[in-house]
Each structure stands twice: as structure tokens, then as C-alpha cells.
Amino acid sequence: MYATYASYGFKLLKNYNVKSGARYEYTDLQGNYIAPFRPAFKDNYGNFIPNVLVSRTFKSQTFRVGYTQRIQRPQIWYLNPYVNEQDPKNVSFGNPELEPELTHSYELGYSNYFKTSSINVSLYWRQTNNAIESIRDIVGETDALPVDETTWRKAGVAYTTFYNIGKNATYGLSLSGNTKPMPKWNLGGSFNLNYINLKSTQQNNEAVQYNVNINSGYDFGKGLAAQFFGAYSSPRPTVQGKFSGYYYSSFSVKKDFWEKKGSLTLGVDNPFAKAIEFKSELSNKVFTQNGLNQNYNRGVRVSFSYRFGKIDMKQQPRRKKSIRNDDAKAGETSN
């Protein structure tokens, strides 16, 4: 991926801050199979990606409005055309002809900072007109792959692959904040509420989805502190159905020793359930499928650290900026 970018900030009418930028990116994709019976594939595309943010600050309050275009490129699980036949009745494969998703994001935000607290609120609309959606179908059915007894394509076999067939509109409200109810107690969290409207050439779907998380810490003094984190995400719609919600939590206690040079931490992950369950409900006019995956992640961890030597902050080298690979769509496999 080759890219060039520019950014520019300036004041408008003395009271408004404007930050704008643009990137041009060119992606060159090539894939080759060792086996001669599968042809090589390649693709390339260029994208111009602009963004602009206008804000105004009144003492501790800031109002902002912005527009951003975001690109998400399909990664290997989406592109690899290899047919996974581990389950002969349920096969999956990627689509090397996928184009990247382009999302137009509009946001209206507000922030306020108090003596011991802060709050952020935003309203947003995100529109993706070529969303990558997974589609499951049955070989031999109308509009599905035809039967070919010389390959895996036998009548009744279910297959899953990906297409740029979706129009995904998300309208949302986001709240986040931090506070200190007591000098030794900090509390923070966020809440996101979304209305998701999915349209495609296959099916349509819509639903309200939300997620919430909370984190808290307390300093008991004498080098002893505790931390808690919890999160819940409600069911998420897909073109052909939905994925279930899930929750996660963790606790930890930390004890410092030897003037904070050493520390011992005891943590517990997901103590209320031995596994996080991910359920799926998919259907169209010819099939209904219910699935269950279990991620066993309950655990106990113990760690010890000891810091020695003297660090001179004035002589520390500046950290180099790293590339954030957040434009890769890789949160789902073709299995």
C-alpha cells in the first residue's frame, strides 16, 4: 500500500479551529497458488480520503462538527479463495474480487472538563455503500452456485463467502466520561447506542444495538490498589440474521513494594462464566441455521515486576510514531 498525505490547521473568524487533511492511497494486491489448478489473482485500486473538523471552545467546553471518510481493506480471510472443506456439508471461501469499504462519517460532538470529571457526547451518522457482507447459501438453490459433482459443489452443501453487496447506515449516540467521587476512587465508562440499517441485493435487516463498559479503580493506600473492568455488547444484526450479545469482566489487585520499585499483581478474568458464548442465527428463504461458538477465557494471572536503575526523562529519546493498522477489515473469518 502506497500513500501520501497532507494536513492543515488554521483559525476561522478568530474563534473557530479548523483541522483538515487528505490522503491518497494506492493498494496493490497479488496472490499466487502453488497448486497449478488454481489461477493467480490480483487487484489494485486508488482512493482519495479527506477529513475536516471544525471546533470552538468556551472555557472548559468544546463544540465540534466533522466529516471523515474511512477506508477498510479486506484482509486475507476475506480474500483467500481457498475452499475450506473440513466440514463437507459446510464449506467456506474468500472472494479475491472484493473492493475496500468506504465509509462517510458525520459527527456532532460536545466535551466538558470539570475539576475532577470530564464528559464527551457525540451524535454521528456513518454510511457505507459498498459494505462487505458474508452470505451463506445452498448449492443448487436459485441464485446460488450450480451443482458440480466433480468438485465440492454437491446439492445440499452450504457455503459461505463475501461480497460488496451491503449498504450499511448507522445512526448513533456516544457518551463517555470519567470522574473521581472520592480522592482515592476513580470511575469511568462509555455507552454507545446505534440504529443499524442493512440493505443488500440478498436481504435487508435492521436493529437497535448498544454496548457499555465501565472501569473503576481504588487506592487503599500503603501501595495497595484494585481495578475492575466490565463490558457488555448487545446482539448485532447481519444481512441474514444476527450475532448474539456477550459480556466480559476482570478484577485485579496490585501491591507495591520497596518504594514502588517492585509490584505484585493478582488478576481474575471473566470470573462469572467459564466461556464467552457467541451465538448466530442466520436464515433466508431456503435455510435456517443456528450456531454456537464458545471462547474459554476464564483465568487467573499473577505477575511480578521490578524496576531498577535510574531513568532520566530529559535524555529519553522521543518515541517514533508508529503506523496504526486500523484500516484493515479483519474481524471475521470465512470459516
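The values are calculated or read from the model by the stated rules, or taken from the named source; none is laboratory data. Just so it is clear, the structure is predicted and the values come from calculations on it, not from any experiment. All Cβ positions, glycine included, derive from the backbone under ideal geometry; neighbour counts span all protein chains shown.
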- Options GLY46, GLY21; residue that is touching an Asp or Glu at 6+ places or on another chain (Cβ under 9 Å), free of Cβ contacts under 8 Å to residues at least 40 places away in the same chain and over 30 Å from GLN289 (Cα atoms): GLY46
- Give the number of residues within the stretch 73-105 that are more than 30 Å from ASN51 (Cα to Cα), among the hydrophobic types (A, V, I, L, M, F, W, C) and part of a strand (DSSP E or B). 1
- Task: Would you confirm whether any residue within the stretch 269-278 is out of contact with any Lys or Arg (no Cβ under 9 Å at 6 or more places or on another chain), among the acidic types (Asp, Glu) and either within 26 Å of ASN90 (Cβ to Cβ) or touching a residue at least 24 places away in the same chain (Cβ under 8 Å) (or both)?
- Result: yes
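Just checking, does the stretch 57-66 include any residue being part of a strand (DSSP E or B), under 21 Å from the mean Cα position of the chain (by Cα) and of a type in the set (Lys, Arg)? Can you show your working first?
The first filter runs over the stretch 57-66 and keeps only residues part of a strand (DSSP E or B), leaving 57-58, 61-66.
Checking the rest, the ones that are also under 21 Å from the mean Cα position of the chain (by Cα) come to 66.
Subsequent filtering for residues that are of a type in the set (Lys, Arg) retains none.
No: zero hits.
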- Among the residues of the stretch 100-135, which ones are charged (D, E, K, R), farther than 30 Å from THR150 by Cα and surrounded by 14 or more Cβ atoms within 10 Å (Cβ to Cβ)? GLU101, GLU107, ARG126
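Would you pick out the residues in the stretch 207-218 that are within 21 Å of the chain's Cα centre (by Cα) and surrounded by 15 or more Cβ atoms within 10 Å (Cβ to Cβ)?
Of the stretch 207-218, the ones within 21 Å of the chain's Cα centre (by Cα) are 207-215.
Listed by number, the residues that qualify are ALA207, GLN209, TYR210, ASN211, VAL212, ASN213, ILE214, ASN215.
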- Message: Suppose we keep only residues that are assigned to a strand (DSSP E or B) and surrounded by fewer than 16 Cβ atoms within 10 Å (Cβ to Cβ) within the stretch 219-235. Which one would you say is nearest to the chain's Cα centre (by Cα)?
- Response: TYR232
- Item | Lone qualifier among LYS42, LYS11, LYS19 - being in a strand (DSSP E or B) and closer than 16 Å to PRO100 by Cβ | LYS42
- Candidates PHE162, PHE191, filtered to the one that is touching a strand residue (DSSP E or B) at 6+ places or on another chain (Cβ under 8 Å), outside any loop (DSSP other than H, G, I, E, B), of a type in the set (Phe, Trp, Tyr) and over 30 Å from ASN284 (Cα atoms): PHE191
- For LYS180, indicate whether it is basic (Lys, Arg), closer than 29 Å to SER117 by Cβ, more than 20 Å from the chain's Cα centre (by Cα) and in a strand (DSSP E or B). yes
- Note on the structure: Filtering the stretch 184-206 down to residues that are over 14 Å from PRO235 (Cα atoms) and loosely packed, with under 14 Cβ neighbours inside 10 Å yields LYS184, TRP185, THR201, ASN204
- Note on the structure: Considering the stretch 1-23, residues that are out of contact with any Gly (no Cβ under 7 Å at 6 or more places or on another chain) and under 30 Å from TYR78 (Cα atoms), and then whichever is surrounded by the most Cβ atoms within 10 Å (Cβ to Cβ), we arrive at ARG23
- Message: Taking the criterion of being touching a residue at least 60 places away in the same chain (Cβ under 8 Å) and not hydroxyl-bearing (Ser, Thr, Tyr), would at least one residue in the stretch 53-65 satisfy it?
- Response: no
- Task: Identify all residues within the stretch 119-145 that are touching a Gly at 6+ places or on another chain (Cβ under 6 Å), of a type outside the set (A, V, I, L, M) and more than 19 Å from THR68 (Cα to Cα); write none if there are none.
- Result: GLU133
- Message: Within the stretch 118-138, does at least one residue satisfy the condition of being in contact with a Phe, Trp or Tyr (Cβ under 7 Å, 6 or more places away or on another chain), in a strand (DSSP E or B), in contact (Cβ under 8 Å) with a residue 40 or more places away in the chain and of a type in the set (Ser, Thr, Tyr)?
- Response: yes
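Listed here are the residues, each with its yes/no results for (1) assigned to a loop (DSSP other than H, G, I, E, B); (2) modelled with pLDDT of 90 or more; (3) surrounded by 15 or more Cβ atoms within 10 Å (Cβ to Cβ).
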{"position": "SER250", "(1), (2), (3)": "no, yes, yes"}
{"position": "GLU259", "(1), (2), (3)": "yes, no, no"}
{"position": "LYS274", "(1), (2), (3)": "yes, no, no"}
{"position": "PHE278", "(1), (2), (3)": "no, yes, no"}
{"position": "LEU282", "(1), (2), (3)": "no, yes, yes"}
{"position": "VAL286", "(1), (2), (3)": "yes, no, no"}
{"position": "LEU292", "(1), (2), (3)": "no, yes, no"}
- Task: Looking only at the stretch 63-85, decide whether some residue is closer than 28 Å to ARG136 by Cβ, at pLDDT 90 or above and touching a helix residue (DSSP H, G or I) at 6+ places or on another chain (Cβ under 6 Å).
- Result: no
- Report yes if some residue within the stretch 308-316 is assigned to a strand (DSSP E or B) and either of a type in the set (Asp, Glu) or touching a Phe, Trp or Tyr at 6+ places or on another chain (Cβ under 8 Å) (or both); otherwise report no. no
